[in-house]
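Okay, so here's the structure we're looking at.
Values quoted throughout were computed directly from the atomic coordinates according to the rules given, and no laboratory measurement underlies them. Source: prediction; values computed, not measured. Every residue, glycine among them, receives a Cβ derived from its backbone with ideal geometry; neighbour counts consider all protein chains shown.
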Amino acid sequence: MFRSIHYSGGNGYLNTGGLARGAAQSFAMRGPLNQLFDFLKRRPVILPVALLLLLLGALIGALRVDFREDVFALLPRDEPLVTEARLAIDRFSGLERMVIALESDDHGLLTAGVDHVETELRNLAHVKSVVARIDPDAQDDIGHLYLGRAPLLFDAPMRQEVEKRLTTEYFEQGFQRFYDAQAGAEGIKIVDSFTGDPFGFDELTLRRFERLNSGFAGRPDARGRIISNDGRVAVIMVELDFPSSDTGAGRAFFELLDARLGELPEGVTPHVIGAHRSSVDNAVVLRDDMNITIATSIIGILLLFVFAFRALSPIVITLLSVGFGFAMALGSQGWLHGELSAITAGFSAVLLGISVDYAIHLVTTYGSLDGDREERAVGALRHVARPGFIAMVTTVLAILMLRFSEFDGLHQLAEMAIAGIAGSLVFAFTAGAQLLRKVGPKPGAAAPVGALIGALQRARRRGGVALLVVVCVITVALAMFLPGVSFDGDVMNLDGKSERTRASEALVRQTFGQETLSRTLLVVGGDDLESALRGNDLAARDLYELGAQFESAAWVLPARQTQQENLEHWKRFFNDARIAQIKSLMAKARVTHPNDGRVLELTEARLERAFKEFFARLRLESPPALLEPLQLKERPIWLLLGNFVSERNGRTYIGTTARLDAARLGELKARQPSGVVLNKAAFVGRMIEFIRRDLILMGGLSLVLVLVVLGLTFRNLREVLTALVPVGGGMIWTLGLMSLLGIPFNIINTLVTVFIAGLGIDYGIFFVQTYRGSANREEADRRLRHAGAGVLIAALTTLFGFGSLALAQHPALFSVGVTTAIGVASALVLTLTVVPTLLEMKQHEN
């Protein structure tokens, strides 16, 4: 495609047998793309028809794409933790529960606010259920349903509590209260309850309801409102009839809700948290961010192109090239998969930013040449075709390494980026060249940029070796920060929720200890409520044996089978020997008479008569009727129990939250193979492992492939290493600066490193390939100005286009923008300073 180049040992310049003859031969040489250019010029219909057919195919493919707004589509599909997290979120509706917290220092205003909001919510569209209080009927239900039914709940935890009370001291305290109360106003009530239940079985039963706070460690007031222990905050739990992913419905709903909450009296501050609020916050922040960043990008790129080319045609050609590439990328996914994560599609645009370089280099070189439009189009194509093609191959190979990532979303991302980059290059070097032949800017259009690059090159030459020393010192200094690079695998930190929502979450968490998402969530399921409850009972048994603190419906709503087992446990525990032991302990109790101070002695016979009802209860002479879960669903008490139960696709699921360390988490999974376990700490840790592995594996494989391609292309180790300076040094600068600035890597900006690597490779290849084709110092300077102008405009376009995301408020967009800005700026500085200096040092050595 290009003539051979030989170095002259006498003058140090590249020699082709004479400048005039070499220039003439160079212009006359026709490579494949130049030949294609001539063919398309003679057959003007073929190219438009071919492009339209490709666009039609891409359009059909794009119409086949089913976009999914699912962050899990980015994550490893075969990873058990991801599967469990997806299932847990899908099955346990409690995770989508919305919570409204009202804050006030005035208790009267607080309770009035709860009543007002509860009334408004029940009249608000899309509100499926409201739990603002533990309903008095539900509290009455507890007494009606559970008093006297301790045997049905006699599991290992209750047995442990009972064993603690098998002491003389416990009965002495109980008897003393019993005798002291006989003279008081509550005497009859206390006497009756004590003689029937001196052991406190009913008290043990009712205390179990304290374990049903679903993450909210508060207390009900006299009317059942859920109030914090300090009396300043009340919570209302709301279930909506649409999913949190429906942000359109969410925005409309919160407009109405905020209007209602705005009617609260002064002194009452509302706080709204939950998945629905977070989703709407994300949608609003993304919309605002995109408005700002798109406006900034468009204005910046337009001003850049007007300054650089003083014409609009380069902008049109560049946008057409990128647009054609994106059409190819999207269409390819329609034909290959049929579905695509909206997040993947969005961030594929970042990688497609590489494709803008090919058209920019073409139009920049075109604007720097003299002659008529056709001569300049041919000359520009000849100058950029080879380095552009080599750059495309190395970039595609680097991006191809995303196929080895653990994150499934990056696999599609790689496919889209490759199709888009290849499509953009084809358009730029075919249609772009033909358009320049017709509507290209005037000669010298890129003169301002060329002049700027010339000035930079002169300043660089004055710096000489000193400049290289400074760059080396900076690189070594930043390399020292590489061990401090941090990784954040918590996808919640990429949530774009507002500061107001974050503050509300902090308030609720600090006030109520609401840590459902920071605990371990265990979800078990069954074909019906009974089988789900049985699975939940077994899960609760495992958690108890593991020594975990947990909140579960199993405390008060065991399955029928479990209740029958508990009855058998009761019978075996309270056998004749145990009852005799209890009588003996009671008889040993020493109680002082409240009036005269006499010590009362209790004989076993006297105890048998006084506590006849109690001993009959221990012997299960009249076993209590079983609790019927299906009947409880129709009673007020279900307002308390229903928070743990969810129904999906004809099956019933029950969620349990627990505190578990890593060791016990693994054992729980082994004990509950059919259950779904979601633990935030374990999930985050696993994602961090994947991110680190991806950076090492993909970086290593990309480097090997790039070295092979560059070695085969340049066949000169020094030129290969010189071309790698922007990517190698750029990565060190990027990682070092991110560590220095405290910016962590996450599953989103990790892929930006591939983008930066691709740009760095392109920049280095364009410079080295351009320089090695020069015949002498004058031509080398001219070619380097062309290449430098193209690299500068391409880099500034990328910075305006994607670096502007650093202005975003959304954490995910911000991380992409700031990483892109740091990486592109680093690669650009190294390309314009170090690469030409090394190339010229090589020339002077010859």
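Pairs spanning more than 24 Å between alpha-carbon atoms, out of K612/K633; K633/K680; K128/K633; K571/K669: K612/K633; K633/K680; K571/K669.
Using C-alpha pairs below 8 Å separated by at least 6 residues, the relative contact order for region 552-698 is 22 percent. Between F404 and S498, the modelled labels are 4.6 nm apart [label points 7 Å from Cα along Cα→Cβ]. Cross-link reach is defined here as a Cα-Cα straight distance under 24 Å, omitting same-chain residues fewer than 8 places apart; for K438 the lysines meeting it are K41.
Where does the charge balance sit around L369 when Lys and Arg score +1, Asp and Glu -1, over other residues with C-beta under 14 Å from its C-beta? Net charge around L369: +3. Contact order for region 783-846, expressed relative to its length and based on alpha carbon pairs under 8 Å spaced 6+ residues apart, stands at 28 percent. For region 766-846, the extents of the C-alpha atoms along the principal axes are 53, 20, 14 Å, listed from largest to smallest. Straight-line reach from K442: taking Cα to Cα under 18 Å and skipping same-chain neighbours fewer than 8 places apart, the aspartates and glutamates in range are D370, D372, E374, E375.
Amide H contacts of F745: S486, F487, D488, each under 5 Å away and 5 or more positions distant or on a separate chain (H built 1.01 Å from N in the peptide plane; Pro and chain starts excluded). Once you have a ≥ b ≥ c as the square roots of the Cα gyration tensor eigenvalues for region 428-510, tell me rounded if a/c is under 1.5, and otherwise prolate or oblate according to whether a/b is larger than b/c. Oblate, since a/c reaches 1.5 and b/c is not below a/b.
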